[in-house]
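Below is one structure, written out as structure tokens, with a few remarks after it.
Values quoted throughout were computed directly from the atomic coordinates according to the rules given, and no laboratory measurement underlies them. Just so it is clear, the model here is predicted, and its values are computed rather than measured. Quick reminder, even Gly has a Cβ in these numbers, built from the backbone with ideal geometry, and neighbours come from all protein chains shown.
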Amino acid sequence: MAVSGFQNMFKIPELKKRILFTFGLLTVYRIGVQVPTPGIDSIALASFFERFKGSLLGLFDMFSGGALERLSVFALGIMPYISASIIIQLLTVVVPHLEQLSKEGEAGRKKITQYTRYGTVVLSIIQGFFISVGLENMVSPGGAAVVIEPGWGFRIMTVITLTAGTAFIMWLGEQITERGIGNGISLIIFAGIVARMPAAIANTFRLLSTGEISIFPLLILVVLMVLVVGIIVFVEQAQRKIPVQYAKRIVGRRMYGGQNTHLPLKINTSGVIPPIFASSIIMFPATVANFVDVAWMQTVKDLMMPGTVVYEMIFVGFVFFFCYFYTAIQFNPSDVADNMKKHGGYIPGIRPGKRTAEYIEKVLSRITFGGAIYVSAICVLPSILISKFNVPFYFGGTALLIVVGVAIDTVSQIESHMLTRHYDGFMKKGGGARIKGRS
């Protein structure tokens, strides 16, 4: 964002208010991450978590912004809400009542949101209980117990605390979406990852100074990160443009239409949703397994370690599924074809109506496949970095994809507010290039 574009943002009172409101709530979130859950020996817990650097538990800690490692009131993070959203969206396809609600506009959306909140609370209670039980059996490498006074009092207090923390984060995300600059849930995850990056960079230099990582792999890592960021920026803005022509129409004494335009289809229509959803689903059983000392659960934990063949196959499978699923929710070829036909538009060489819908769906399916391959390749990178270079998990492709993708979406949201109020912001000379492909 150039200086002139930045200055123009704060010339719009409403936009300025939204940006400051968003920063304020994100600050509240980061303060809450520092508040510990009662009854925990923080030193013993930190020693215990040292053994899980680079594991799936480390990934969960990254998404929670370091809250899990401290077992703060926000330890569960926003993942129960995301898991509940996935469940409700899947049920919308198969449950007639939910499907009907999804078609009832604003009233139906509010009802579905209410169900999602209930589901979030239920999942938080389940995860919170298993975590509380697992904590009672944890000891640090030095032999110190993590829980000061085990028992049902601690369990109930932990469940209530963690569930309330997740409910509060959910509320923060909804407020940012409605009264801030949008993308509340994604921005919370973004803030957590970005807040952890300075510590990850410092840890990398510590590994370099102690000889655990040499300068050559570190240079390869930096080059790889820059390359990955460049690929993400390029693909996130990439489009497949389908040519569209509008026939001339005479309304009264005036002639309308006759122009040539295009229908832009994003290569990665689903954005950062697939890796977040995939991680959320995998994390739920894996997190419980980390805190439950049962033989078969430990087997699940070992299979769900990043870098294992089983984990990578499951992760890629979920990424592909959610790329197609979320794209289908966001974009309906039949509706687009009907609107084009209604306004006299058509794709050259394709008959209007059903044939147009089939053509758009065929093109969308192909580019979504390419987008799914791109997202999978970017997100599998963490396992390679961990196993080959022994670097912090935060340098992985999942984190980079979320950070860059959310940043692009946020800039696009700000740009939309500016354009709506007749400010050219990023588009004026010297104001930076407009973010393409975000509408």
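Just tell me which aspartates and glutamates come within less than 17 Å, Cα to Cα, of K110; anything on the same chain fewer than 8 places away is out.
Straight-line reach from K110, under 17 Å: E99, E174, E178.
For a footprinting-style exposure proxy, rank H417, H262 by other Cβ within 10 Å, fewest first.
Values: H417 18, H262 13.
Exposure proxy ranking, most exposed first: H262, H417.
Suppose a student asked you for the relative contact order of the range 55-139, using Cα pairs under 8 Å spaced at least 6 residues apart; what percent would you report?
Numbers: 58 pairs, mean separation 19.2, N = 85.
After rounding, I find 23 percent.
What is the fewest-to-most order of F190, F205 by other Cβ atoms lying within 10 Å of their Cβ? Before the final figure, lay out the partial values.
Values: F190 23, F205 11.
Going from least to most buried by this count: F205, F190.
Once amide H atoms are placed 1.01 Å from N in the peptide plane, what residues at a sequence separation of 5 or more from I213, or on another chain, have their amide H within under 5 Å of its amide H?
Sorted by chain and number, the residues that satisfy this are L208.
So how do 113-124, 367-378 stack up, highest first, on mean other-Cβ count within 10 Å? Mind showing how you got there, number by number?
Values: 113-124: 17.4, 367-378: 19.8.
Packing order, densest peptide first, comes out as 367-378, 113-124.
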